[in-house]
Amino acid sequence: MKVRTATIGYGFLGKWHAQKAAALSELCELKGIVERFPAAMSAAQAAHPQIPVVANWHELEIDAAVVVTPTSLHFSVAKELLLAGKHVFCEKPLCSTAEQAIELENLAFEKKLVLQVGHSERCHQAWEKLRPQFTTFKGPVSLRIDRFAPFKGRATDVDVVQDLMIHDIDLMLWLFGRDVKSVRAWGHKIRTNHWDHVTAQFTLADGMEATLTMGRNSVHEVRAVEVFHASGSTRVDLFANKIQTAPAGEVTPGVFTSEETYEKRDHLLIEQTAFYNSIIHKTPAMVDATAGRKAVEMVEAVLKSLATGESVKCHG
């Protein structure tokens with residue numbers, strides 16, 4: 001079985017998703033690229049001359065779609081596809097509000113359709129080694145995640161919380177498996193009318209504290225996760241693909257830290273492969289609608305704290 005697929009949106013990320021779908025010919029058949037802007041339609045047709053480029057997915061015979069539109073359109077496009085009985089892989093965030101996310105989650109469940117969310121930071125090889133440790137930690141844990149990037153002039157229709165922080169909110173929830181009790185956030189509007197630099201402090205169950213700082217107007221690029229626990233500390237450089245550890249004891253006689261590199265992977269290829277396999281084999285999505293909804297709920301809590309200047313209680 002091959003999944004008949006369309007990619008919807010041919011912007012910065014959409015072009016890469018179309019490339020991956022075309023490359024996965026053993027799992028899917030790319031039936032078309034959906035784009036409404038003339039310049040993007042021309043670019044898509046030039047890159048994929050054998051693939052139809054259309055303005056509406058209804059023109060195509062498909063089983064599934066990869067939604068790579070602006071965030072503001074995620075809900076309407078995904079809902080229309082699900083109502084029509086199509087499986088959906090939606091780039092993060094799943095949608096703009098928790099209310100919308102709940103509707104999509106329920107709709108996918110009722111229709112027995114795969115709804116996968118593009119939280120690609122889960123694909124780092126480092127987590128295969130580290131997540132089994134992190135999920136078993138007992139007692140206090142301190143987590144710090146920094147994600148800074150120079151201004152790139154895109155995704156300006158949303159704030160840095162929806163654009164970047166949502167990656168690491170999902171990582172925090174997935175890597176440690178703990179419910180969030182409260183969050184307090186503060187930030188700055190620099191380049192746009194939205195939040196461009198935000199720090200959020202999360203209090204989680206079982207004595208865990210997490211500080212996430214995201215900025216899209218930095219002079220350099222940083223993507224790092226640091227974990228401190230009674231058993232030692234670990235830093236993962238997601239940009240350089242390095243794991244650095246300082247355990248409670250010696251690594252070797254007289255040596256107290258270690259460093260190793262891990263393989264760089266094609267995250268979009270991994271995600272799309274998982275999506276088509278879920279459809280073909282009727283298995284759970286790699287990142288399901290529930291995970292997507294929880295990330296959106298946490299984004300709402302952060303934005304509420306930014307707006308009020310106060311700590312916001314969460315319900316896990």
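The values are calculated or read from the model by the stated rules, or taken from the named source; none is laboratory data. Only a predicted model underlies this, so the values are computations on that prediction, with no experimental measurement involved. Glycine gets a Cβ as well: all are built from the backbone with ideal geometry, and neighbour counts include every protein chain shown.
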*asked:* Looking at segment 69-78, can you tell me whether even one residue there is modelled with pLDDT of 95 or more, aromatic (Phe, Trp, Tyr) and under 17 Å from GLU300 (Cβ atoms)?
replied: yes
*Only one residue in VAL287, VAL296 is of a type outside the set (Phe, Trp, Tyr), part of a loop (DSSP other than H, G, I, E, B) and buried (at least 23 other Cβ atoms within 10 Å of the Cβ), so which one is that?*
VAL287
*Filter segment 299-315 down to residues that are over 23 Å from the mean Cα position of the chain (by Cα) and of a type in the set (S, T, N, Q), then give me how many there are.*
2
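For GLY187, state whether it is among the small types (Gly, Ala, Ser), farther than 23 Å from ASN277 by Cβ, under 20 Å from the mean Cα position of the chain (by Cα) and not in a helix (DSSP H, G or I).
When the stated conditions are applied, GLY187 does not pass them.
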_Can you confirm whether ASP170 is of a type in the set (Asp, Glu) and buried (at least 20 other Cβ atoms within 10 Å of the Cβ)?_
yes
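Here is a list: ALA39, ALA46, ALA23, ALA6. Which entry is out of contact with any Asp or Glu (no Cβ under 9 Å at 6 or more places or on another chain), crowded, with 18+ Cβ neighbours inside 10 Å, among the small types (Gly, Ala, Ser) and at pLDDT 95 or above?
ALA6
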_Suppose we keep only residues that are loosely packed, with under 14 Cβ neighbours inside 10 Å and β-branched (Val, Ile, Thr) within segment 252-279. Which one would you say is nearest to the chain's Cα centre (by Cα)?_
THR261
*Got a sec? Which of SER305, SER278 is part of a helix (DSSP H, G or I), at pLDDT 95 or above and closer than 13 Å to LEU113 by Cα?*
SER278
*Six or more apart or on different chains, Cβ under 7 Å: which pairs go from a residue in segment 92-113 that's part of a loop (DSSP other than H, G, I, E, B) to one that's among the acidic types (Asp, Glu)? Could you list them?*
THR97/GLU300
*Which numbered condition trips up ALA46, out of (1) among the small types (Gly, Ala, Ser); (2) within 17 Å of PHE275 (Cβ to Cβ); (3) not in a loop (DSSP other than H, G, I, E, B)?*
(2)
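Could you tell me which residue of segment 106-158 is farthest from ASP288 (Cα to Cα), considering only residues that are among the small types (Gly, Ala, Ser) and modelled with pLDDT of 95 or more?
SER142
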*Scan segment 285-313 and report the pairs whose first residue is without any contact (Cβ under 8 Å) to a residue 60 or more places away in the chain and whose second residue is outside any loop (DSSP other than H, G, I, E, B), with Cβ atoms within less than 9 Å and a gap of 6+ or a chain change.*
LYS304/VAL183; LYS304/ALA185; LYS304/VAL312
_Can you go through VAL158, VAL198 and tell me which one is among the β-branched types (Val, Ile, Thr), within 30 Å of VAL68 (Cα to Cα) and assigned to a loop (DSSP other than H, G, I, E, B)?_
VAL158
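Just the residues that are closer than 30 Å to GLY187 by Cα, without any contact (Cβ under 8 Å) to a residue 24 or more places away in the chain and either not assigned by TED's automatic domain parsing to the domain that holds LYS129 or not in a loop (DSSP other than H, G, I, E, B) (or both), please, taken from segment 218-260.
If the condition is that a residue be closer than 30 Å to GLY187 by Cα, without any contact (Cβ under 8 Å) to a residue 24 or more places away in the chain and either not assigned by TED's automatic domain parsing to the domain that holds LYS129 or not in a loop (DSSP other than H, G, I, E, B) (or both), then SER233, ARG235, ASP237, LYS242, GLN244 are the ones that fit.
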*Read through the list (1) of a type outside the set (Gly, Ala, Ser); (2) modelled with pLDDT of 95 or more; (3) touching a strand residue (DSSP E or B) at 6+ places or on another chain (Cβ under 7 Å), then give the number of the only condition that PHE176 fails.*
(2)
*Unmet criterion (only one of (1) crowded, with 19+ Cβ neighbours inside 10 Å; (2) under 19 Å from SER305 (Cβ atoms)) for SER182*: (1)
*Determine whether GLN133 is of a type outside the set (A, V, I, L, M, F, W, C) and more than 14 Å from the chain's Cα centre (by Cα).*
yes
_Test set (1) loosely packed, with under 15 Cβ neighbours inside 10 Å; (2) farther than 15 Å from GLY118 by Cβ - PHE12 fails condition number_ = (2)
